[in-house]
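None of the figures in this text is laboratory data; all of them are computed from the coordinates on show. These numbers come from a predicted model, not from an experiment. Positions of Cβ are generated from backbone atoms using ideal geometry, with glycine treated the same way; all protein chains shown enter the neighbour counts.
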Amino acid sequence: MPYITANNLSIGYDGKEIIENINFTVNKGDYLYIVGENGTGKSTLMKTLLGLIPAIGGKMEFSPEVKNEIGYLPQQTEVQKDFPASVEEIVLSGCQRRMGFLPFYTKAEKAIAYENMDYLHVLELKNKCYRELSGGQQQRVLLARALCATKKILLLDEPVTGLDPKVTIEMYELIKRLNDEGITIIMISHDVKAAVKYADHILHIGSKLFFGTKDEYLNSKVGKNFLAMEGDEQDGNI
Amino acid sequence: MEIFNKLAYYMQFPFVRYALIVGVLISVCASLLGVTLVLKRFSYIGDGLSHVAFGAMSIAGVFGLTNDNNMVVILPITVVCAVFLLRAGQNRKIKGDAMIAMISVGALALGYLLMNLFTTSSNLSGDVCSTLFGSTSILTLKKGEVYLSVVLSILVVIFFVVFYNKIFAVTFDENFAKATGTKVNVYNTLIAVVTAVIIVLAMNLVGSLLISALIIFPTLSAMRLFKSFKSVTICSVIISVFCALTGILISILAGTPVGSTIVAVDAFAFFACLIAGKVGGRG
């Protein structure tokens, strides 16, 4: 059974539909990019996937393996910009689901947190304050927290926003490495060039919908148009 | 030496001892809640909810309830408002600050209006003033009220310790907590209920001006000095208790109003922490 199956899914806010008829499946080990112009509903789809807002219509099914077990790398919120929290505290908070109703973290949970901090090279920062870290370090801390929540599937919401080009590439390579180790990745991005480089499946959201493998996307009309458009834009920026 | 003699003299009076005990207990509760409220951008909730309580008090007055039994109206109304304000969290349409301002001003106006229409008291503005500023009420505590504060403070501290990690998760990143299966709504509601109860009781004991200050100042002071959630929480409790004690003692010795003296000490402590933080290179 696939991890996630969306069948004629309609998404939106407050009962108002933004997009209808979304169909896709996510299987174990997939690397899915959700692309599309800004304001087309990518983040809404993300929130629906995470169960933060209800779907308007259609069906979205999770296999029992990943139900309530999705790691999430959110965009930074206003609250976090001056939040006094150490790296260790934040990474540990990813173990919430494991601890259930127990009030404190166990040794095993602390070990998991340390292992993930070590893996993402933030262990030496563990007593540092989150708000004093660089953008790339902050993202790695949040990624470590997400890995504490699950080793099966990660949802990443525009993880390279605000990072400089070098750190952006490091971040992409890191996510690729996680995927190579068997973690399913769903990534929201408007960086279609990265999508074409790293993804194996692409879901295009917008006035036209598309779901398929990367190669199918490259040969599709939607994909060709979007690539040309984004390419122009990026060249124009430089 | 003279100061100590004077203090010893005042300590003989039960009402002074009660004021010290209750002042310290409420400052502990308020500073614990303050950390999560300030970080959730709900700094003004103390003010807002005490205005709601004021409005509810006027409604209770219309129905002929007096100070001894009006809690049955005040507490539920305030709890409902608190839950309404805090539960919707990050994903609401009207943002938290606007919502608090709206409810606070609305309740204050409604309360004053009702009081004007239905009052039997000859000193209306005096009543309003003492409700909002709690002018001397911390010095007129009865033994029962002291016990009540002791029990409640213990409950709040237990609540905070038991749910400490959940409170952190829900405060730092509500969406992540929710996505990974934490019952965010349950914890937000719990925090709201505890906040409302503490604010209503503290308002009766020490006035709404003081309760707002006790929620905001210690947390902000601690945030100048420390970087982790745990150290900020512990530090804010220490600062809060220290300021409450100092404030009460100064007010006894100098004969100043208790509530505003404590607030003044808290404000002074904030500036001290601000400077210390800047000097220490952490501000």
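Shape class of the stretch B:159-278 from the alpha-carbon gyration tensor: oblate, with a/c at 1.5 or above and b/c at least as large as a/b. A dipole drawn for the stretch B:2-277 from +1 and -1 charges on Cβ atoms has a positive end, and of B:THR182, B:PHE63, B:VAL83 the residue lying farthest that way is B:THR182.
For the stretch B:2-277, lysine pairs separated by 8 or more sequence positions, or belonging to different chains, with Cα-Cα distances below 20 Å total 13.
Rounded, prolate or oblate: which one fits the stretch B:2-277, using the alpha carbon gyration tensor with axes a ≥ b ≥ c (rounded when a/c is under 1.5, else prolate when a/b beats b/c, else oblate)? Taking the square roots of the gyration eigenvalues as a ≥ b ≥ c, the stretch B:2-277 is oblate.
Can you run the Rg to Rh ratio on the protein assembly as shown? Use alpha carbon positions and the Kirkwood inverse-distance Rh. When Rh is taken as the Kirkwood radius, the ratio is 1.06.
Sparsely packed loop sites in the stretch A:49-101 (the chymotrypsin sites (Phe, Trp or Tyr not before Pro) outside DSSP H, G, I, E and B with at most 13 other Cβ atoms within 10 Å) comprise A:PHE101.
Taking a span of 18 Å or more along the helix axis (Cα atoms) and a mean Kyte-Doolittle hydropathy of at least 0.0 as the rule, the DSSP H helices of chain B that qualify are B:14-39, B:45-62, B:71-87, B:96-118, B:143-162, B:184-206, B:208-225, B:229-254, B:258-279. The stretch A:1-68 and the stretch A:132-173 have Cα centres lying 22 Å from one another. In summary, the aspartates and glutamates within cross-link reach of A:LYS221, defined as a Cα separation below 16 angstrom excluding same-chain residues under 8 places away, comprise A:GLU37, A:GLU230. Here chain A is treated with +1 on each Lys and Arg Cβ and -1 on each Asp and Glu Cβ, and its dipole about the Cα centre works out to around 540 debye. Counted by Cβ distance under 15 Å from B:SER149, the other residues give a net charge of +2, where Lys and Arg count +1 and Asp and Glu count -1. Given the pairs A:LYS151/A:LYS224; A:LYS59/A:LYS81; A:LYS176/A:LYS224, which are separated by over 30 angstrom at their Cα positions? Distance filter (> 30 Å) returns A:LYS151/A:LYS224; A:LYS59/A:LYS81. For chain A, the share of DSSP beta bridges that are antiparallel, to the nearest 5, is 50%.
For the protein assembly as shown, the dipole from Cβ point charges (+1 on Lys and Arg, -1 on Asp and Glu) about the Cα centre works out to 900 debye, to the nearest 20. Estimated from helices alone, the mean residue ellipticity of chain A at 222 nm is -11500 deg cm²/dmol (sum of -39500 (n - 2.57) over DSSP H runs with n ≥ 4, per residue).
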